[in-house]
Structures are given as structure tokens and as C-alpha cells.
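The structure appears below as C-alpha cells.
The values are calculated or read from the model by the stated rules, or taken from the named source; none is laboratory data. All figures in this text were calculated on a predicted structure; none of them were measured in a lab. Virtual Cβ from ideal backbone geometry, glycine too; neighbours counted across all protein chains shown. Note: areas computed on protein heavy atoms with side chains; ligands, DNA, RNA excluded. Shrake-Rupley method; radii C 1.70, N 1.55, O 1.52, S 1.80 Å.
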Amino acid sequence: MLKEKLLELREQALSNIGSADGLKALQEAQIRFLGKKGPITEVMKSMGKLSAEERPIVGQLANEVRKLIAAKIEEKKADLEAKLLELKLEHEKIDVTLPGRKIATGSPHLLASIIQEVEDLFIGLGFSIEEGPEVEQDYYNFEALNLPKDHPARDMQDSFYITDEILMRTHTSPVQAHTLEKHKGVGPVKVICPGKVYRRDNDDATHSHQFMQIEGLYVDHNVRLSDLKGILTVFAKHMFGADREIRLRPSFFPFTEPSVEMDISCFRCGGHGCNVCKGTGWIEILGAGMVHPNVLRMSGFDPSEYTGFAFGMGPERIAMLKYGIEDIRHFYTDDIRFLKQFDRA
Amino acid sequence: MLVSYNWLQDYIDLGGVTPEELADKITNSGIEVEHIVYPGEGLKGIVVGKVESCAQHPEAEKLHLCQVNLGTETVQIVCGAPNVAAGQKVPVATVGARIANNVKIKRAKLRGEISNGMICSLDELGFDHNFVPKEYADGIYVFDDEVPVGADALPYLNLDDAILDLDILVNSAHCMNMIGVAYEVGAILDRPIQLKKPVVAESDQLASEKISVSVDAEQMVPYYGARVMNGIKVAPAPRWMQLRLIAAGVRPISNVVDVSNYVMLEYGQPLHTFDFDQFGSNHVLVRFAGDHEEITTLDGQLRKLTDEDLLITNGKKGVAVAGVMGGENTEVSSDTENVLLEAAVFDPISIRKTAARLQLRSDASSRYEKGLDRNRVALAADRAAELLIQYAHATVLKGIVEAGERTVAEHQIMMPWQKINQVLGSEFAREQIVGILERLNFKVNVEGEIMQVSVPARRFDVTIPEDLVEEVGRIYGYNHIPATLPEGTSSHASLTPYQKIRRRVEGLMNGMGLSQAYTYSLTSKESASSYAVSNKGIEPTQVIWPMSEEHAALRQSIVPQLINVAQYHLNRQMPDIKFYEIGKVFLPVKGEARPAEEEHLAGIITGKRTERNWEGDPDTVDFFSVKGIVETLFDSLGVANHITYSPSKREGMHPGQTADILLNGEVIGYIGALHPRVQKNCGLNETFVFEVAIESLLRHGEAAIEYHGLPRFPSTTRDIALVVKRTVAAADLDRVIRENGTPLLKSVQLFDVYEGSHVAADEKSMAFSLVYFDPERTLTDDEVNVVHEKIVSACAEQLGAELRG
Ligand SMILES: [Zn+2]
């Protein structure tokens, strides 16, 4: 009798669960069939009336039915939940091609990027970075660099003087003189000096009354011109590509003797001749030379014991060559459309 | 210096070396050849013709009908030149020829008459009109009789030449003359040069009977020599000389003037000729001019001199400004018969100063300024005499009348010959080094390790051993020197702490959306005085000769320049601007010419906070956008605890939206909105700026990082809302809370500010989130309550704050 009831309950429950159309209906079914006052509990309670043989059989059956219903409910529940989730996900669908909320970053200035690249290269080669005043004494800007007051290479008209003795530095070379003085006649001195310099020029596409320079100086026992050549080769390859070659041409600067001009093989045409190198295959990059003994002497170094090399370059020129920039004024106009193009430089 | 390839061959065999090859070699050994000009380029079919007859054109008054013998035939040519005449030998562009500017000559009919070609002017053959002698300036060129009829005319006009333009720097002044270039090319090519010593057929009469010379400024005039010449006939110089002068960029004038120019180009020695009949005495006295002494120079200008200018006088009055320009009173004219020729050496610096002050830079003065071959002065006088005898019928009186030393000893340099290898990093044998120096015509004597080099006076630029290192290096070629890496002390290098942080600041600024600007340090005087972080009221530092008012004074702040950058973008429809710059400002110091230099960081922002996108228009920036930038910066640099902000009133800034930034109580910068008036004047939208004296902020580098272990006990958070008068600053509440919360209060965060109907009209409510924490244990409620109440009552006492109910 009880057995039949249980089997009937099982049928009823399975049909009920099967037709449950939501979690709520399922929960009602669960309470109805498995609740503390539910029919299966009732059956269990009334088992005391059964014989000792029948009791375990019906008990076992009741347990099986209970488990089966519970399992079916879980199964149905998982099924319903999955369907719900699917609906939810469908609802949450977005246009993933819409633009994201970017964090707009600023662009570093191209000159800063170039200077940093040069700095990092030379730090790796053991050079530290020295900076100095932009308003200089005539002595450091000229005299200590072997440019006495009446030197023909000096022209008052080319410089922004503040008084007869004070001027806007015309190159970063005075930092050399300051640095040598600080070392009090004892090498090695190994520095590069980046910074702003000023010349009395009218601003146009190729001239700027303010521009940047990077100067290098290495003074030690037995520093040779061949060492300069070696260091500059490393520099040229680093800045302009591994297959660059360099050549040194004799030149003149009052503060070096011998003085040279460094050309690199053209990075555009590889040396065959093009409009970047004006058909020569070579591009002039920087001036350099062996530090003039007068410069060493004036800054407290004994030229019979020490030799050194120095070089100076213009970051604007490097940038203009490297990227084909046609007007030096772009560097100081700071047009964002210009700067943005180089934010990976 | 314009160097004629043809002329150079007077002194050196250039066989097998093209002008291009020569230019390359000269460039590679130290004097840049800027370009090569081929004056005859593109010309063809130009021959020497003889005008057999010349008749009036029947139809045209100004035209002539010429029968011109071209060697192989005689043709009719119609010629309009006023100076054409029968018997002349002339350059003829035959039918089919090409003249200057690629003009092709065709058979033509001119007013009914056939013309088989064209008789040419120098202009038509491509000569620069500025250099054409005046006798040919308005008509055709006429050859001298030596030129063969029918020959190609180009060689006779030096149009088969190549002109090399040498860029002469201070150290290559020895190549400002043809002989100097010959020595240089001889060394480069390792070929001998031939120089002819001038031969002067002097008359028996002594020049010293006609003239005497004395110098009152011996320091400045090491040598003064004078020659006297009589019976001169002033006429055009010979063709070859005219053409060489033209090639060198000098206009031929007359034989007398041309000879002195020619000798200057050849020897590098400037010469001057006086009309001796106008000289006014028989005595040359060289002295300093008196202050305010005046002289009218050749160009007709009255020149006021100073007592620093050297003056050539006749004992009484000036006849020439020494080394710079002759006087009008003694100028050689077409009537001149007797000439006084000056060959002198003047102090370079003195000449430079005079020439600069009078703004009279000439070929002569620039040679004096850069230096002369001290041993060539008398030779130059002789060379001029030789040419004037030949080409101006001069009778040259015997001897050079002179004061000072005619020659000087050669300069001696002693050095270990190995020093050359040591400096260059080369491995030359002794013989190689000696060989190269001998190619330069230096005398070399080696004894053991020591080399003695005797340097000719023409190489006045070579004075020390290092100069010889350069000579060897450049003649041998730096290309043959190896590339090595320094063997010396290896050294480690890194950025200084400040340089390191500065790079961090750049990175942070970029990360926060600000782009980096570089602007000018020199600005207008007005803008140089504005927006300084601390303006002491001293005039800004100014330059003596500004190029323009726009760049006349040194900036004391970067902000005005950034305002320009903002304006620039706004004018180009780019209204959303975020820029920063790190650079020097120049703060004038009382009583000092030099300003103090400080590196500052400044920024400007205006427009939208972020880019406009599909979610709608973003907010525009406001005061707190710019403050957030500097706060983020200070947080990242670990200095935030030392920074405070206080309201401030600054020129050009919004009086209610500007704050000073203080580091430990000292003003190091400011942030705020530009004054609406400034915005209006500059056409800007609402714009915010900041400037921080970053160098003083970070001079000592960053504070060391102190590590604390992760917390093992939970913290307790309490929120608190305080009602205060509107005038109470958030910073004050924050300060009182912190002061009274130690040591358990770990952080304070303002999370709400409310003004409105729920509080009184003159009040506001500020809500803070307070975090309490003890690293050693979990805090009990009671412990937190004690501190919390202390804070509340302190806020009540000090700032009249009430807990909001
Ligand atoms: Zn190229």
C-alpha cells in the first residue's frame, strides 16, 4: 500500500519537476515533495505500522525516491540557471568595437628624447652628465677655451652680451672648463654636457637664436685621436644604425688641436648619394678634436701628462637629419601635431 | 677664396688631377671646397673672329653690318654694340652656338639683313656684369691682337677654367693667396712647386732721394716698405690679368690698381698705390690717428678716426687708413704718372678693430686680420714693380725705402717625434713623419728621439707641437688612423640624483597627459617680469644688443611662454591644451650682472579634461585638475607631507582661484587660474597654470625609502561629518584632525563637501574618512573612541566645527 503510494509520488514529483518553468516553481515542488510536512515524510512517519519484513523494504524505497527527487531538482535547477545565465549574457552583449576610455598621455619633446638617448649611450661608456650656467662669464665661454679677447674667431656681434664680461653662453664648452677646474689637475675627466646655447642670429628655417648642444670631454693619460674615432664610431652606429661608417675630416676649432669634423655614411642612401647627403654619400654630424694644450693648462691640467678629446653636436641637427625635419623653428613652436609624431622617439 | 685651376698650374703640375679630384683632396686635408664653378659650362661654338669691315645698317641707325672673318669663312653679322669697329678681334657665337643661359644662336634676319651669328659681350658669355671691366661694360668684348683668328675663343677668355671656392677658416689663412694654395696642394699631392723670383729692372736713381719713411707706432707696424715709380701710363691691364682677377671675383679697373690686386691674390700681401704727385710731401709717417682726426676715404666717405686707428700720413695729414682703405686725396687716377707703392705689415688686431669700427671689411683688411707671410712683403713689392714695368711702362727707382725688419726668422718647434703617434694613436715610422713634414716644405732635423722642425713664416698658424700633430694627421689622412677604444682608467657613471628625479618628473608629466614644450629663455622685457614665483621687483636681466624686442630679456618664469604656446594652439582650432616645460628661469640679483639660475617646472592646461568620446562631452578642466597634477607629482616624489597650499593674490592670476605652494613653509611655486582679464586679452578660454621651483624642491634627491612590514592586524575606519563656517579651509580641518589623531590615526580622506538647504547659509559640511591602526594589535572600540572624540572636540574648539546630526 505504502509502496504504491511512494511510486505514485515519484511519478507525480518527476512530472512536476519536469514541467517547472522557473526557479520559483521548482522551489515549490521541492517544498511540496521534500518538505518537512511533505508526503514522503508522511510515509516515513507511518512506517511504524508496517511489519518487520516490510519496514526496511519500504524505508529503502522511500529513501531512494527522496534521493531521486532531490537529484532531479538539482539537475533541473542547474538547467534553469544555465538558461537564465544565457539570457542574462545575451542581454549584456555590447559593441566591443566602440572605443575604450583611453588615458591620454603627453608627448616628450623630440629634443629631450634625443638628448636622453645620447646621455644613456655615454653613461654606458662611463661618462657622467655635467650641466652648467646658461649665463656665463666671458672667461669661461671664450678665454678658458683658447679664445682670447682679440681672437679673430670671436665676434661680439654673434653673442648676446649682458655686460662686457657676462653673456649668454654660445656653446656648452664652458662646462668643460668648469669641470676640468673642479678636478684640480687630476684625471680622468669623462663627461658629457647637454644644454641650451644662444647665438645672435635671426630665426629662420635653419637658424635659431637658441638651440641645444651636447658636448663631450674625456681627459686622461694617453687619450688618443684613435680613441675619439672609436667612441664616435660607437655613437654613430648607436644613433644612426649599425652599418654606419664614419670619417674624420680636418677642421678648425680654437679649443682643439688637431680639430676634426665627423661625417657619417648617409643613412638614407647608404653612401651612393641622395638629396639628404647632397650627393656626397656623407653627412656632417659633429665637430671634435684633441683638447688644445692651452685649454688643459688654463684649467689646471698639465698637457705633458694629460691629453684628451672633446666633441660637440647639435640635437636639432641630428633630429632634422634623422626625420627630414625642414624647419628648426618647429622645435620651439611646440605644435602638438609636430611633437606627437615623435612620442616614440 | 676663389682659386682658379688654370692659374694654379703656374706653380704646380696638376696633370692627371681633375678639378673635382683636387677639390676632394683639398677638402679632405682640411680646407673645405664649398663648390666648383665651371665658368664656360654650356658654352659652345664660340670662336675668335676678325671684323674685316663694319658698315652702317641701311635700315637701322644703331645696327652695324659687319663682315667677320671666322678663319674658314667670312660671314655677315649684324651687331648693335656701340664699340664694334673694323680691325677688331672679337668673340663670335656662330650659327648653332650656345651662349649664356643656354641661348641657341640661329641664322637671323635683322631689319632685312642676314646675320650669321652674334658678336658677344662678356655678359652674353656668362660673365657676372659686376666684374666686367668698364671698357667692355656697354658693348662687345675685344681681344688683343695676339689671339689667332678662327680659334676656339673659350681658352682665350679663361672659360676653360674651373674655379674652386675654398672656405678659409682662421687657421687656414695661409691659403688666402695663390702661392699659399700652391704650397698646400703641393703637400697634398706630394708634387714640387715652382715659384719665380720677381726680377725688377730698376733705374739708377735712388728711391730714397724721393721719399723717406718713418713709423711712430713700431709695435703695430713691424715693417713699412715703399717703392717709387715714375712715367706710368694708366691703361687697362692685359687680358690674362683681367681674366684672372675676374676669376678671383675682383673687377679689373686699370693696370696700376689691377697689379696691386693681382699681387695681393698671388702673394697674399696687400699693397697700396698712392698718386705720388698728390702725396703732398716726400715723407711717409705712420702713426696713430689723433682722436677725432678725419680722412675722406676712396669711397668718398668722411671717416672719423680714434687714437686706436693707424693712419698713413705725409707727415702732416692722413693719406690712408692703414691696411683698410686709401684716402681720396692720393687716389690713382687715369692721369697718374708717378706712383708710391706701399708694402707694409700691420698688427692684425689693430686692423681688425679699425675695419670693424669703420665697417670697412675689404680683401686687404681681412688678409691683415688673419695674418700674412711675414717674409713675403718685399717680394710682393718687387713682383708689383716687375708687372708695372711690363704693363704700365713704369720706371722703378732703385731700392725699397723701408722702416722695420723686412724678414723674420723661421719658427722652431722641438718635440719627441713619437708624440705624433701618441696623440694620433698611429704607428708612423720616423721617416714617414719627416716625409710628410717635408712635403709641407718644413725643414726637419731628427736627433734621437727629438725632432726639430723649422716652420716657414707663411705657416704662422703652426706654433706648437700639437700643430705639427695636426699637419701630419691631416696630410696623411685621418681615414688611415685606426679606431680604438680608450685604454685608460675604466670608470663607472650614472645620473646624479637630481638628473634621475628630473627624468621621473618628465615621465610623470607625460603620464598625466601633459606634453613637453621647449620655449625661448629670451623674451620681451614685459613678459620677463611677469609670473615669477618670487618677484623681488628688480628689473629682469637684459642683453645689450637684442635681435628684437621680443627676445630682449631673460625670463623669470616659464608661464608667459606657455601662455604663448596655448594661444598658438587655440588660434589653430586646438582648444584642449596640456603642456609642461622644465627649464631655467633667471632671477636678477641686486648688484650683480649675472642672474641666479633656477630650474623650474611649469604647466598649462585648458579645455576638456579628456578627449571627447561617444559617452558624451567630458568636463572642462578646473582648478582641481591642475592641483591634482601637482599633488600627484608631490606624492610620487615622496614630498607631499612637506607641502602645503595657501590662497594667494598674484598679478595676472585669478584672485580667488590661486594658491601658493609651500615646502616646509617656504613658497616654491603656485597654481591657479589665469586672471579673466588676461584670458580675454590673450583670447584664451579658462586656463590654469602652475610653476614649481623644482630644483630647490629636489636638489637633495629623494628621501630614502623606508620599508614597513605588511599589517598583521585590521584597521578601523570611522567616518565623520563636520559642519563649519564656509570660510574654514579644508586644509585647516585636515590639519587639526591629523594633529589630534596621532599616533593611531593613519589616514584622513575628505570624501564629501556639502553646501545647501540642509545646513545654514553660511555653513558647509565636510565629511572625512578616518582610518585608525596599530601595528602591534587589534584596536578596541573604546580605544578608537577616545581618539575620535578628542578629534571632534579639537575641531569644535579650534574651528567651531559641529558634528552633523
Ligand atoms: Zn645619401
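Computed quantities for the displayed model
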{"quantity": "Relative contact order of region A:159-281, defined on C-alpha pairs under 8 angstrom at six or more residues apart (%)", "calculated": "15"}
{"quantity": "Estimated FRET transfer efficiency when R0 is 56 angstrom, pair A:ASP327-A:GLU305 (beta carbons, to 0.05)", "calculated": "0.75"}
{"quantity": "For B:HIS283, residues with placed amide H under 5 Å, excluding near neighbours", "calculated": "B:SER212"}
{"quantity": "Simple Cβ-charge dipole of region B:532-611, Lys/Arg +1 and Asp/Glu -1, about Cα centre, in debye nearest 20", "calculated": "200"}
{"quantity": "Anchor A:LYS45: aspartates and glutamates whose Cα lies under 20 Å away (excluding residues fewer than 8 positions away in-chain)", "calculated": "A:GLU4, A:GLU8, A:GLU53, A:GLU54, A:GLU64"}
{"quantity": "Approximate spin-label separation B:LYS106-A:GLU245, in nm, with each point projected 7 Å along Cα-to-Cβ", "calculated": "5.1"}
{"quantity": "Entries in A:LYS24/A:LYS67; B:LYS419/B:LYS443; A:LYS149/A:LYS229; B:LYS500/B:LYS536; A:LYS36/A:LYS77; B:LYS25/B:LYS370 that, when Cα-Cα distance is taken, lie over 22 Å", "calculated": "A:LYS149/A:LYS229; B:LYS500/B:LYS536; B:LYS25/B:LYS370"}
{"quantity": "For region A:101-116, 3J(HN,Hα) per residue [Karplus equation, 6.51 cos²θ - 1.76 cosθ + 1.60, θ = phi - 60°, Hz, x = Gly/Pro]", "calculated": "8, 6, 9, 6, 9, x, 9, x, 6, 4, 5, 4, 5, 5, 4, 5"}
{"quantity": "Dipole in debye (nearest 20) - chain B, about Cα centre, beta carbon charges: Lys, Arg +1; Asp, Glu -1", "calculated": "820"}
{"quantity": "By accessible area with a 1.4 Å probe, ligands and nucleic acids excluded, highest first: order of B:ARG303, A:ARG297, A:ARG344", "calculated": "A:ARG344, A:ARG297, B:ARG303"}
{"quantity": "Point-to-point label distance, B:VAL37-B:GLU427, nm (Cα→Cβ direction, 7 Å offset)", "calculated": "4.8"}
{"quantity": "Relative contact order [Cα under 8 Å, 6+ residues apart], region B:101-227, whole percent", "calculated": "9"}
{"quantity": "Solvent accessible area, Å² - A:THR333, 1.4 Å probe, full protein context", "calculated": "40"}
{"quantity": "18 Å reach of a label modelled at B:HIS393, 7 Å along Cα-to-Cβ, counting backbone N of region B:222-256", "calculated": "B:229-239, B:254-256"}
{"quantity": "Per-residue HN-Hα couplings for region B:585-598 [Karplus 6.51, -1.76, 1.60; θ = phi - 60°; Hz; x = Gly/Pro]", "calculated": "10, 10, 9, x, 10, 4, x, 10, 6, 8, x, 7, 9, 10"}
{"quantity": "Within region B:575-608: backbone nitrogen closer than 15 Å to the B:GLU539 label point (7 Å, Cα to C-beta)", "calculated": "B:588-595"}
{"quantity": "Computed label-point distance, nm, for sites A:ALA153 and B:VAL786 using a 7 Å Cα→Cβ extension", "calculated": "7.8"}
{"quantity": "Rounded if a/c under 1.5, otherwise prolate or oblate - chain A, Cα gyration tensor axes", "calculated": "prolate"}
{"quantity": "Solvent-accessible area of A:LEU9 with every protein chain in place, 1.4 Å probe, in Å² to the nearest 10", "calculated": "10"}
{"quantity": "Heavy-atom accessible area order for A:TRP282, B:TRP417, B:TRP545, largest first, 1.4 Å probe", "calculated": "B:TRP545, A:TRP282, B:TRP417"}
{"quantity": "Cα-based shape type of region B:124-207, given that a ≥ b ≥ c are square roots of the gyration tensor eigenvalues and the cut on a/c is 1.5", "calculated": "oblate"}
{"quantity": "Normalised contact order of region B:339-399, rounded percent, pairs of Cα under 8 Å and 6 or more residues apart", "calculated": "35"}
{"quantity": "Per chain A, cysteines lacking a partner by the 4.7 Å Cβ criterion", "calculated": "A:CYS193"}
{"quantity": "Inter-part distance where region A:188-216 and region B:63-92 are each reduced to a Cα centre, Å", "calculated": "62"}
{"quantity": "Degrees, to the nearest 10: B:559-570 long Cα axis against longest axis of chain B", "calculated": "80"}
{"quantity": "Rounded percent of accessible protein surface that carbon and sulfur make up, chain A, 1.4 Å probe", "calculated": "52"}
{"quantity": "Cα shape, the protein assembly as shown, gyration tensor, a/c 1.5 rule", "calculated": "prolate"}
{"quantity": "Rounded to whole Å, sorted largest first: equivalent-ellipsoid semi-axes of chain B, Cα gyration tensor", "calculated": "82, 35, 29"}
{"quantity": "Amide H partners (placed H, <5 Å) of A:CYS274, local residues excluded", "calculated": "A:GLY279, A:THR280, A:GLY281"}
{"quantity": "Residue-span extension gain [B:LEU298 to B:ASN230] - 0.36 nm each, minus C-alpha spacing", "calculated": "22.3 nm"}
{"quantity": "B:CYS54 accessible area, assembled protein chains, probe 1.4 Å, Å²", "calculated": "50"}
{"quantity": "Too-long pairs where the Cα-Cα distance tops 22 Å, listed order kept, from B:LYS134/B:LYS398; B:LYS725/B:LYS790; A:LYS196/B:LYS627; B:LYS746/B:LYS790; B:LYS89/B:LYS134", "calculated": "B:LYS134/B:LYS398; A:LYS196/B:LYS627"}
{"quantity": "³J(HN,Hα), Karplus 6.51/-1.76/1.60, whole Hz, each residue of region A:294-299, x for Gly, Pro", "calculated": "5, 5, 4, 4, 5, 9"}
{"quantity": "Leading residue at positive end of dipole, region B:553-629 (Cβ point charges), from B:LEU587, B:ASN613, B:GLN567", "calculated": "B:LEU587"}
{"quantity": "Cβ-derived FRET efficiency at R0 51 Å, A:ASN222 paired with A:ARG337, nearest 0.05", "calculated": "0.50"}
{"quantity": "Heavy-atom accessible surface that A and B bury in contact, both chains counted, 1.4 Å, Å² to 100", "calculated": "7300"}
{"quantity": "Accessible heavy-atom area order of A:LEU23, B:LEU562, highest first, probe of 1.4 Å", "calculated": "A:LEU23, B:LEU562"}
{"quantity": "FRET efficiency estimate (nearest 0.05) - Cβ-Cβ, B:ARG677 to B:THR632, R0 41 angstrom", "calculated": "0.85"}
{"quantity": "Net charge over other residues, Cβ less than 13 angstrom from the Cβ of B:ARG430 (K, R count +1; D, E count -1)", "calculated": "-4"}
{"quantity": "Long-range HN-HN contacts of B:LEU750 with modeled amide H, under 5 Å", "calculated": "B:SER769"}
